[in-house]
Amino acid sequence: MSHEELKAEFRHVSEVINFICSLYRLTSKEDALEAVDTLRLQLALKEFRSPYLERRLTGLGDINEFVEAIDSRWVVSYKI
Amino acid sequence: MNFLGSDLDEEGEDRGYQFLQCVLVFIARSLQTGIDPSPLLPLLVEIFTLRAQPFYTYGTGTEYCEEIITGNETDSGLEAFEDSEKVSRMVFAEVRARNYNGSTRVTHVEGRFISNINSFGRSFGFKSMKDAILHQTPPFRVAHLRNLVAPIHEIKGFLTTEFLDWFSLDVFPRISHQVPSLYNHGGLTCGHR
């Protein structure tokens with residue numbers, strides 16, 4: 001598989017995950033948000049362990065976003 | 001003269017609506033036959049991309065709204081989405097509060113769009129797509145999987161919670177389970193350098 005094909009494949013995988021996560025969030029399942037977060041964190045870790053620098057950086061960025069989101073949630077709940 | 005002009009416009013819109021609905025039913029029935037749906041799925045995304053369709057964007061009429069508002073004789077229970085006797089009464093898509101503007105009047109554009117989605121669902125289009133996702137076997141074709149999920153994601157703002165439950169509660173765990181294989185396929189893990 002060429003580098004371009006790999007990039008396209010990676011983009012498709014990311015899109016599938018994004019699509020299915022946003023659909024699952026809209027269900028009546030009570031723990032949907034937690035399940036989506038868990039899956040996304042697992043994927044971020046997989047990316048972080050990739051042999052490709054570009055993907056490791058993507059994974060690191062995703063984990064960083066999670067940490068910032070949790071921080072902001074904590075700050076909001078602390079203020080309330 | 002103006003009246004005649006708007007009359008013709010409405011007639012043209014009716015034909016456009018009927019055409020798009022026929023295309024959706026054709027796609028749904030083609031998916032049911034089990035043929036390779038790869039050429040049809042991008043077309044489905046195009047039809048479901050509401051704002052990309054000039055027909056929906058510039059529509060001016062007022063028909064096809066009532067069935068969306070009333071939704072009277074509908075069945076409930078997730079299994080009804082797969083029941084050939086009940087599916088014709090199922091509501092796959094509806095106007096949500098955020099699209100609703102607080103009034104009981106649904107816009108022509110949304111009404112027709114939602115009718116099209118329901119026609120596709122009642123022709124077992126969504127069931128065929130769900131089956132195709134659930135019955136995938138390795139090696140997974142990631143682009144194909146993406147094309148199966150993308151049309152449903154495109155219209156997520158209109159889908160009923162019941163339909164989303166029926167679709168996502170089976171599909172999400174399945175795809176979550178497949179993810180390691182998908183990522184291996186995408187060369188993400190060690191050993192694929």
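Read the figures in this text as sums done on the coordinates, not as results from a lab. This one's a predicted model, so the numbers in the text were calculated from it and none came from an experiment. Positions of Cβ are backbone-derived with ideal geometry, glycine not excepted, and every protein chain shown enters the neighbour counts.
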Take the eigenvalues of the Cα gyration tensor for chain A, scale each by 5, and report the square roots as semi-axes in whole Å, largest first. 27, 18, 8
Return the sequence-ordered ³J(HN,Hα) values of the stretch A:54-64 in whole Hz as given by the Karplus equation 6.51 cos²θ - 1.76 cosθ + 1.60 applied to θ = phi - 60°, using x for Gly and Pro. 4, 6, 4, 5, 4, x, 4, x, 5, 5, 4
In whole percent, what relative contact order does chain A give with Cα contacts below 8 Å and a gap of six or more residues? 16 percent
Listed pairs B:86/B:127; A:7/A:46; B:127/B:156; A:46/B:156; B:130/B:156 exceeding 21 Å between Cα atoms: A:46/B:156
Sequence order, the stretch A:25-42: Karplus ³J(HN,Hα) from phi using 6.51 cos²θ - 1.76 cosθ + 1.60, θ = phi - 60°, Hz rounded, Gly and Pro as x, gives 4, 8, 6, 8, 5, 5, 9, 4, 4, 5, 5, 5, 4, 4, 4, 5, 5, 4
When A:53, B:31, A:26, B:78 are ranked with the fewest other C-beta atoms within 10 Å first, the list becomes A:53, B:78, A:26, B:31
